[in-house]
Each structure stands twice: as structure tokens, then as C-alpha cells.
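Input: a single structure, listed below in C-alpha cells.
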Amino acid sequence: VQLQASGGGLVQAGGSLRLSCVASGGTFSGYIMGWFRQAPGKDREFVVEIGQYGGTANLLDSVKGRFIVSRENAKNTVYLQMNSLKPEDTGVYYCGGRIPGRGKYEYWGQGTQVTVSS
């Protein structure tokens, strides 16, 4: 499956962005989808995961209450709604896909830059 992320940009602190990740070349509902991010000079970190038919799991503590993940299987798309953004949310955001039962994410989008100014 190929993944294409979009929706990043420059936003002031307190603002919102919605990221999208469109999948092609596979059966989208067959994959658990996740969002990750990588801040400058830091390792990529897990943000949130959503099950094949919904159901959020393992939301990063620092984004709880602010970020919401959702998916539309009919559109082969997973979303990340990001509210009350903070400068520390700045980074490149990646969507990933994994097959249920496999712990490793095997499929990755190209990343979309999110910059939050103070």
C-alpha cells in the first residue's frame, strides 16, 4: 500500500490543522493506521493509532485532549485533527500502516511539515 500525507502548514499557537493520509494500492480496511512525528534533532515518535474500523489506541500523553484521529475506509483516508497546537508540536508528521498481528509499521507516507509559531 502507498500512503500520501498532506495538510501540514504554518499555524500560530492555539490554532488547528487537519492532516490527511490517503492510501492506494491495497485494501485500506485491512490496515491499522498510525500517526508519528519527528521534531528537529529528535527521533520519530508515535502519536496515535486507530484500528481497522475505528477505535483509538495509545494516544501520546502530550496530545491527549487536543488531537483526534479518525478514518473513512470508503475514502481510503485517515485523518489527524490537531487542536490547541503548541510550538512543541512542530515537526514532520508521518502516517503509517501495519497489518494486524504485526507490531511493526511497514508502510509509510512521505511526511508533512507542521510548524507552530509562538
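What to note about this one:
- Evaluated against (1) in a loop (DSSP other than H, G, I, E, B); (2) touching a Leu at 6+ places or on another chain (Cβ under 9 Å), GLY26 falls short on exactly one condition, (2).
- Here ALA13 meets each of (1) over 16 Å from the mean Cα position of the chain (by Cα); (2) buried (at least 17 other Cβ atoms within 10 Å of the Cβ); (3) aliphatic (A, V, I, L, M) with one exception, condition (2).
- Selected residue (only one of SER6, SER24, SER20 is open to solvent by less than 30 Å² (accessible area, probe 1.4 Å), in contact (Cβ under 8 Å) with a residue 24 or more places away in the chain and closer than 18 Å to GLN110 by Cβ): SER20
- Considering the stretch 70-96, and only residues there that are within 19 Å of GLY26 (Cβ to Cβ) and among the β-branched types (Val, Ile, Thr), the residue that is farthest from the chain's Cα centre (by Cα) turns out to be THR77.
A quick yes/no check of all residues on (1) at pLDDT 95 or above; (2) hydrophobic (A, V, I, L, M, F, W, C); (3) touching a helix residue (DSSP H, G or I) at 6+ places or on another chain (Cβ under 8 Å):
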site: ALA5; (1), (2), (3): yes, yes, no
site: GLY8; (1), (2), (3): yes, no, no
site: GLY14; (1), (2), (3): yes, no, no
site: GLN38; (1), (2), (3): yes, no, no
site: LYS42; (1), (2), (3): yes, no, no
site: GLY55; (1), (2), (3): no, no, no
site: TYR107; (1), (2), (3): yes, no, no
site: VAL114; (1), (2), (3): yes, yes, yes
site: SER117; (1), (2), (3): yes, no, yes
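- When PHE36 is tested against (1) in contact (Cβ under 8 Å) with a residue 60 or more places away in the chain; (2) surrounded by fewer than 19 Cβ atoms within 10 Å (Cβ to Cβ); (3) out of contact with any Ser or Thr (no Cβ under 9 Å at 6 or more places or on another chain), just one condition goes unmet, and that condition is (2).
- Single residue of the stretch 106-118 satisfying the filter (of a type outside the set (Val, Ile, Thr) and in contact (Cβ under 8 Å) with a residue 60 or more places away in the chain) that is most open to solvent (accessible area, probe 1.4 Å): SER118
- Residues in the stretch 39-59 that are open to solvent by 80 Å² or more (accessible area, probe 1.4 Å) and among the polar types (S, T, N, Q): THR56, ASN58.
- Number of the condition not met by SER62 [criteria: (1) modelled with pLDDT of 95 or more; (2) surrounded by 11 or more Cβ atoms within 10 Å (Cβ to Cβ); (3) not in a loop (DSSP other than H, G, I, E, B)]: (1)
- Each residue in the stretch 78-105 was checked for being open to solvent by 60 Å² or more (accessible area, probe 1.4 Å), closer than 13 Å to LEU10 by Cα and either assigned to a strand (DSSP E or B) or at pLDDT below 95 (or both), and 0 of them qualify.
The values are calculated or read from the model by the stated rules, or taken from the named source; none is laboratory data. Everything quoted here is computed from the prediction, not taken from an experiment. Cβ atoms come from the backbone with ideal geometry, glycine included; neighbour counts cover every protein chain shown. For accessibility, only protein heavy atoms count, side chains too; no ligands or nucleic acids. Shrake-Rupley method; radii C 1.70, N 1.55, O 1.52, S 1.80 Å.
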